[in-house]
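Undergrad: One structure coming up, written as C-alpha cells, with questions to follow.
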C-alpha cells in the first residue's frame, strides 16, 4: 500500500518514534474510582478509569461538565485520594505513598498548569520557574540557572526578570508551562490551560505543550475546546465518570496523503 | 468548489497548459480537492466558450497554452469581491442523519453523536498535525512558501469547519440530555382524550420524542 510508505516519509518529531509498549508509562491510572458522599447523596465522580500516558505523549481529556475531567486530573496529580484504584507515577503508586513521599514526588515529577496561570505575583518569571527546584532543596544559584535554561528553551529568556503583571496572559501561561516542566519533571497536567486566552495565543500555548511532549514529557490536557484537543496524540472522551471512547493517535498521512507525501 | 475560478486565478499569473494548471491547483490546496486532467480540460473549454480564456500558442515542448482574457479578468475580480453564496446551503449528510435519528425507533442518538464526534476529532487531529508541519515548513523558509501558506489557510479552514461540527455535536448532545432530564422531572400531564397512542418501543424515553408528543398535544 503506497500510503504506508508515505507514512514513513513524514518527519515525526521527538518521542513519537519510541516504541511505546516497551516502555513504562509515566502515568498509569488503574481502575480509578472516586465517589463523593454516601448513601442517597452519593456522587460517582469517576467509575473505574484505566489510562496510561507514556513519555512523548499528549493525551486530551474531553467531556461535558460534570463528566469527571477535573477529578481525573486532581487524582493523577496526587491532590486528592481515590476511593479505590491506583495512580502510578513513574513506577510509584502514589495512592499508597506516605505524605512526605507524595510531596517529594509532586515536587520532582509532576507539573500543573491551570487556566489562570497561578504564578506567584511577587516573584519574577525566573523565580517562579525556579521555585519548585528550590523547594526541593536545589541551591538558589543552580535553581536560577535551570530556570533560565528552561525559559531559554521556550524563547522567554528576555522576560526572566519580569513580574507576572508585566506579562501578557499568553506569556504567563508559557512561563507556567516552563515551571511545570523545570528540572526532571516529566508529567504535566494541564487543566483548561487555554481557557483565559484568545484563540491565537491559546494555540501558541498548545504548540508549546506539544513540543515539550515531543521532547519527552508526558501530558494530560483537560479541555472542552476541540481545536486544542486536536493537538493531542489521543483524545479520551469521558461521560458520567467513565471513558466512553477514545481516538487513536493521529495518522496525518491517511488524510490528504498526496500533500503529506511531499513534506 | 469553483474549479472555474480557481483556474482563472492561476491563469491571471500568466499563460499555462492543462496539466500545469492541475498541479498548481493541487499544490495550492494541498491536494485537498484532487483534480483530474480531464476536469481541467473540460473546464478550460467551457471558459474558452464563454470568452474568459483563449488559446495562447504553444510552449517550447509543444503544450497548448491558455491565457486569461479581459472578460476573464473582470469575472475573476467579481469572484474575489462577491461573497460565497449561502442562500442554498449544501446538503449536509450529518445534519440529515441527526434530523432522521431524532425519535427514530431503535436508534441511540447519543451513540450516533459520539461516533461522529470520534471521527470529527480524529480528522481535526490529522489536520492539526499537517498544520504543524506546514508551519514548520513556512518558518523554515522553504522555497515554495507561497504554496505552504495557501495550504495552511486551507487546512485551517478545515480545522475551523470540523471544530464547528464538533461544537454543534456537543451542543446537540447537551440539549438532548437537558430535555430528557426535564421530561423526566415533569409530572405526567393529565391524560387527554386525544393523547397519541404510544407507537415507539416501550424503552424509548428520549426527550425529543416526549417533546414532539407534547407538541402534538398542544
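The values are calculated or read from the model by the stated rules, or taken from the named source; none is laboratory data. Note that the coordinates shown come from a computational prediction; the quantities given were computed from them, not determined experimentally. Positions of Cβ are backbone-derived with ideal geometry, glycine not excepted, and every protein chain shown enters the neighbour counts.
Undergrad: Checking residue B:136 against (1) surrounded by fewer than 18 Cβ atoms within 10 Å (Cβ to Cβ); (2) in a helix (DSSP H, G or I); (3) at pLDDT below 90; (4) touching a helix residue (DSSP H, G or I) at 6+ places or on another chain (Cβ under 8 Å), only one condition comes out false. Which one?
TA: Status for residue B:136: all satisfied but (4).
Undergrad: Just checking, does the stretch B:119-126 include any residue being within 14 Å of chain A (Cβ to nearest Cβ) and surrounded by fewer than 18 Cβ atoms within 10 Å (Cβ to Cβ)?
TA: Yes; the residues of the stretch B:119-126 include at least one that is within 14 Å of chain A (Cβ to nearest Cβ) and surrounded by fewer than 18 Cβ atoms within 10 Å (Cβ to Cβ).
Undergrad: A further question on this structure: Looking at the stretch A:76-114, which of its residues are more than 17 Å from the chain's Cα centre (by Cα) and either in a helix (DSSP H, G or I) or crowded, with 18+ Cβ neighbours inside 10 Å (or both)?
TA: Once the filter is applied, which keeps residues that are more than 17 Å from the chain's Cα centre (by Cα) and either in a helix (DSSP H, G or I) or crowded, with 18+ Cβ neighbours inside 10 Å (or both), the stretch A:76-114 yields A:82, A:94, A:99, A:100, A:101, A:102, A:103, A:104.
Undergrad: In addition: Among the residues of the stretch A:36-58, write down those that are in contact (Cβ under 8 Å) with a residue 40 or more places away in the chain and surrounded by fewer than 19 Cβ atoms within 10 Å (Cβ to Cβ).
TA: A:44, A:47, A:48, A:50
Undergrad: Within the stretch B:102-116, track down each residue that is touching a strand residue (DSSP E or B) at 6+ places or on another chain (Cβ under 9 Å), without any contact (Cβ under 8 Å) to a residue 60 or more places away in the chain and more than 7 Å from chain A (Cβ to nearest Cβ).
TA: Within the stretch B:102-116, just B:115 meets the criteria.
Undergrad: Can you find, within the stretch B:156-177, the residue that is surrounded by the fewest Cβ atoms within 10 Å (Cβ to Cβ) among those that are more than 23 Å from residue B:103 (Cβ to Cβ) and more than 10 Å from chain A (Cβ to nearest Cβ)?
TA: B:157
Undergrad: Then there's this: Quick one: is residue A:241 surrounded by fewer than 24 Cβ atoms within 10 Å (Cβ to Cβ) and either modelled with pLDDT of 90 or more or more than 8 Å from chain B (Cβ to nearest Cβ) (or both)?
TA: Yes.
Undergrad: Can you tell me which of B:180, B:195 is surrounded by fewer than 18 Cβ atoms within 10 Å (Cβ to Cβ), at pLDDT below 90 and farther than 28 Å from residue A:57 by Cα?
TA: Only one candidate passes the filter, namely B:195.
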